[in-house]
1. In the range 643-658, how many residues are in contact (Cβ under 8 Å) with a residue 12 or more places away in the chain and part of a helix (DSSP H, G or I)?
2. Among residues belonging to the range 20-66 that are assigned to a loop (DSSP other than H, G, I, E, B) and of a type in the set (Ser, Thr, Tyr), point out the one that is surrounded by the most Cβ atoms within 10 Å (Cβ to Cβ).
3. (1) within 25 Å of Ser613 (Cα to Cα); (2) free of Cβ contacts under 8 Å to residues at least 40 places away in the same chain: which one isn't true of Lys462, the others all being true?
4. May I ask you to verify whether Asp489 is surrounded by fewer than 18 Cβ atoms within 10 Å (Cβ to Cβ) and over 29 Å from Gln703 (Cβ atoms)?
5. Can you give me the ranges of the helices (runs of 4 or more DSSP H) entirely in the range 520-607 with at least 1 residues that are acidic (Asp, Glu) and not assigned by TED's automatic domain parsing to the domain that holds Arg629?
6. Is it true that some residue in the range 413-435 is among the charged types (D, E, K, R), crowded, with 18+ Cβ neighbours inside 10 Å and in a loop (DSSP other than H, G, I, E, B)?
7. For the range 132-233, list the helices (runs of 4 or more DSSP H) that sit wholly inside it and hold at least 1 residues that are modelled with pLDDT of 90 or more; which are they?
8. Quick one: is Ser274 farther than 25 Å from Arg384 by Cβ and polar (S, T, N, Q)?
Amino acid sequence: MQAREITFSKLVQGEMQFQVPLYQRTYSWQREQLRQLWDDVQELVEDQLENRPPAAHFLGSVVLAPERVVAGGMQRWLVVDGQQRLTTLMLAFTALRDHWRARGSDKKAARIHDLLLVNGYQDGDDHFRLLPTQADRAAFTACVQSLPKAGGSGNIGSAYLFFLGALTEGEESAGEQWTDAVETVLGNFLSIVAITAAEGDNVYRIFESINNTGVGLSQSDLLRNYLFMYLPTRGEAVYRDLWLPMQELLGPDNLELLVWLDLVVAGNSRAKQSDIYRDQKKRLERLTHDESALHAEIVLLSERAGRLMRILEPQRETDPRLREALERLSRWGGQTHYPLALHLLDLVDADRATAAEAAEALAYAESYMVRRLLAGLSTTGTNRVFMEIPKELDKDGSPAEAVRRFLSRNKTGARAWPGDDAVREAVRTRPFYKTGRSNQRFQVLRRLEESYSASEPVDYAKARLTVEHVMPQRPAQQWYDLLAEEAEDGESPDELHALLVHTLGNLTLSGDNARLSNHPFHRKQEILDSSALRMNQRIAAQGRWGRAEILARADELVERATQLWPGPIEELVQADDEWAGWKELREALLVMPSGTWTTYGDLAALIGTHAISVGNHVGTKPGLRGAYRVLTADGRISAGFSWTDDQHSGDPRILLETEGIAFDTSGRASRSHRLTTADLGTLLGRDASDESAPTREAEGDQQSAAARFESQLRDNQTPQTVDGVLSALRFWELQGGYRAYGRANETSCFPTVEVGAPLAARTLWPLALYPETGTAEVVFQHLKRRAPFDDEPLRRELLTRLNAIEGIDLAEAKLDLRPSFPLEVFAGRSEELSAVLEWFVHTIALAEARRPLDEGTEPV
C-alpha cells in the first residue's frame, strides 16, 4: 500500500471513477457533520480573504483499490474507506456548480462540472466521477445531472440542499469574492491522505482492519506524554502532585475540555477541540528545554482545573452574585460561555477584577444569548464570538464594560445582539416555542416568573413544570370560533392560530399540562388561577384569551425581558437593511426537499408575519429559489403567480409534478407532500419538539399516563379505532416492547423497545400516537439518528410497508420528518399494522445479532 497527502481537486482530476462497493453502508452524514465541515471551510475562507498564509485542513483519509481500466482509458477505483468524505465534497461542488449557474456564471459552473463531477467522454454509469452504492445512486446522480428530483429526501438530498443554502447565505452577506474563495478552499485546502492498495490486495480485509482498530489516545493523553517527555528530573513529582489530582478531579472528558479552553484563553480563538494536541505542542515547543517553564504551565493548568469545576458545578463558587450568574448559564446549557467564564475567574483569582464585575460581565453574556433566542436568531457563530472575547478582557477598564462593548459591535448579520426594538417586535410575532432548545425556553419563562417576586418562590428542583400553551396547539372548535371573531380580511382562523400559538405571549409554565389539555379557556382559568405561579394567576384574571390578550401579555413580558437582560450600547448599533424574517424565508425555501410544497400561511407562522406579506414578498422578490413550491392554504397555485427569475417559464404545476407531487382534478396538490411550519423548522435544524426520547416511567406514573391516554382515546375516537389501537399495542408488548408516554397536555403514546446491554441500552420507537388529534406520526426524524434505522434503505422499507396498507399515504419526500396517517386506519387494518410492527422489531434483532461483525464505521 502507498500513502500520499493530496487535495480533493488533484485526487479526482483526469478520467477516473471512484466506485463505492456494495458492502459499504449508505451515505450517513447529517446536519451536525456538515455544519462542522462548513465551519472549518469558513475559517479557511476568512484566511484567504484576509491574505493570511494558507494552512491546509486535514479532512481524513481515503483508501482506494484499483479495479480496472475501462474503455477510453478511464481508471476505476474502489473506495475501500472514506466514501463519506468523498461524497460530501462531491455534493458540495455540485451545489457550488448550481449556485454559479443561478448567478449566471456559466463558465465557472462548466469548469466544476467538467473537471470534478463527470467524465465527459464516458456514457452510462461511467459518466460520473463518483458512483455511490446502489441505494444512494439515484439521489446522487439526480443532483449531478440537475434533475427535478435533485435535493430530495434522505441524506444525499439534505447534504446538497445544506451546501446550496450555505452558499446562498454566504454570498448574500460577503459577495462573489467570498464564493470564489470557497471554491479555492474546497478544491485546494482540504487535505486528504490517499492510501492506495496494490492490485490483488484483499480489500475486504483492509476495510475490516481500518474499521476495527482499538481505542486510540485522546488529545490530552498525547499532550501529557509530550509534556512529561521533557520533564526528566521533575516528571514524577509533577505527575503525582499536579497532573494526577487534576485528572482525577476533572475526568477524561473535562480534562480534554480544559486543555482546549487553556488554548482559547491564551488567545487562540481558532482552536479546535479536534486539534488540541497539535496547537498545544506548537505553543509549548519553545519551552521544551526549560523544565521550570513547563512546570509553571502545568501549575497554571491545574489552577484552571479548579476554576473549570466552578463553572461546571456553580455551587463551588463562594461569591453569591457570581454563583448565581454561573448557575443561570449552567441551566442554559452548552459550553458557549466557558472561555469567557474561565478567563473572568482567572482575573478574579488574580485580583484583577472583582466578583461583582465578573458577574456583571456574565450577565451581558447571558443577555446576548437570551435576546438572540427571543429574536429567533441562529446559534451559528456564537461559539466563535465567545472564543474571541478573552482577548478583549486583557485591555484596561472594567471587564463587564469590555464584554458589553465587544458584543455591541455584533449588531448585524450572524453575530447580532438584538436591541430593544428588535426584541419587542420578535416577542410579538416570532414562534418562540420553535426556537432554541426546550431547556432554554424553560429558563426564559422561569426568569420571567421569578421577576414577579412572589412571596413564596417556587422550588424548581422539585416542581415538575413544563412549557404550556394557553391557547392549545391542537385546539377544539370553540377556540377557532373565538379566533374567527378576530381574523382580519384574507386571514382564516387556522392561519391566525398558527401565527399566535407558539409566541411567547401564549406560553407559560405549568405542572398541570395533562389537566389543562385543549380545554376551553374558562376551564383553563380555574386551573391556572389555583397555580402558585404569578404568571398563571395574571392569565386567569383575563375574561377571554385571543389575539388581543396574547399580544398584550407579549408587551408586558417584553418590558420585563428588556430589564432582566440589558441590551447593547445603542451608539454602537447599526440598523439592518433588511428584516431578518425575509432571510429566514429564503433559508426555508432552500431546505425544502424536491417533491414537497408549503403554504404562504406556514411560512408566515415560521417567520412571524402575515400570509399576505409573504405572498407579496414571494411574488416580487427577484430570483427567489423555490418560490414555485409555495401554494395557497388549500394547495393550489396562486392565481397571481409569476416567475421572478430567468431560468423558468410556463406552468409551475408541470415542474411540481415532475418532482413527484400529484394534483387532483380541482388543481389541489397532494396534502401528504405539504410541509408544515413544524416541518420547516425541523429542516432548518431547530428543536422542533419537546418530546425527548421516551423512557419507562415508575409503575404508578406509568399507570396514570396509560389511563390518561386511553381516556383521551375513547373520548375522541370511534370504538373501532380504539379497539384497533389497543390491539396493536398489546401485540407490540407480546413482541417484547412496552408503552412510553409523553408529558404534554395531549398524552401521546410511543410503542418503544429497548436495545443493547442493560448499562448501554438505547430506545427505538416507530410511531407516536396522538389520541385527541387522531394521528399516528411515523418518526423518521428520530429513527435516522438511531441504528439500525440510520441506514436510509431501512427507513425507506418501513415507509413502503406502511404505504402498502390502505388509508396510509406517506410521501417519500418526508423521509427525514414525521409524516402522519389517521388513527382510524387502525380500525380496519390493525393486523396489517401489527405485521409492520413485528417487522420493525425483527429488523432490530437481526441488526443487533450482526453488530459485532460490523461494529466499525467510518469516523466523522
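1. The number of residues fulfilling the criteria is 5.
2. Top of the filtered list is Tyr27.
3. Single failed check for Lys462: (1).
4. Against the criterion (surrounded by fewer than 18 Cβ atoms within 10 Å (Cβ to Cβ) and over 29 Å from Gln703 (Cβ atoms)), Asp489 qualifies.
5. Of the helices (runs of 4 or more DSSP H) lying wholly inside the range 520-607, those with at least 1 residues that are acidic (Asp, Glu) and not assigned by TED's automatic domain parsing to the domain that holds Arg629 span 521-529, 547-564.
6. Looking for residues that are among the charged types (D, E, K, R), crowded, with 18+ Cβ neighbours inside 10 Å and in a loop (DSSP other than H, G, I, E, B), one finds at least one in the range 413-435, hence yes.
7. 134-144, 154-174, 176-188, 219-229
8. So Ser274 does not fit the description; no.
The values are calculated or read from the model by the stated rules, or taken from the named source; none is laboratory data. Everything numeric here is computed off the predicted structure, so don't read it as measured data. Every residue, glycine among them, receives a Cβ derived from its backbone with ideal geometry; neighbour counts consider all protein chains shown.
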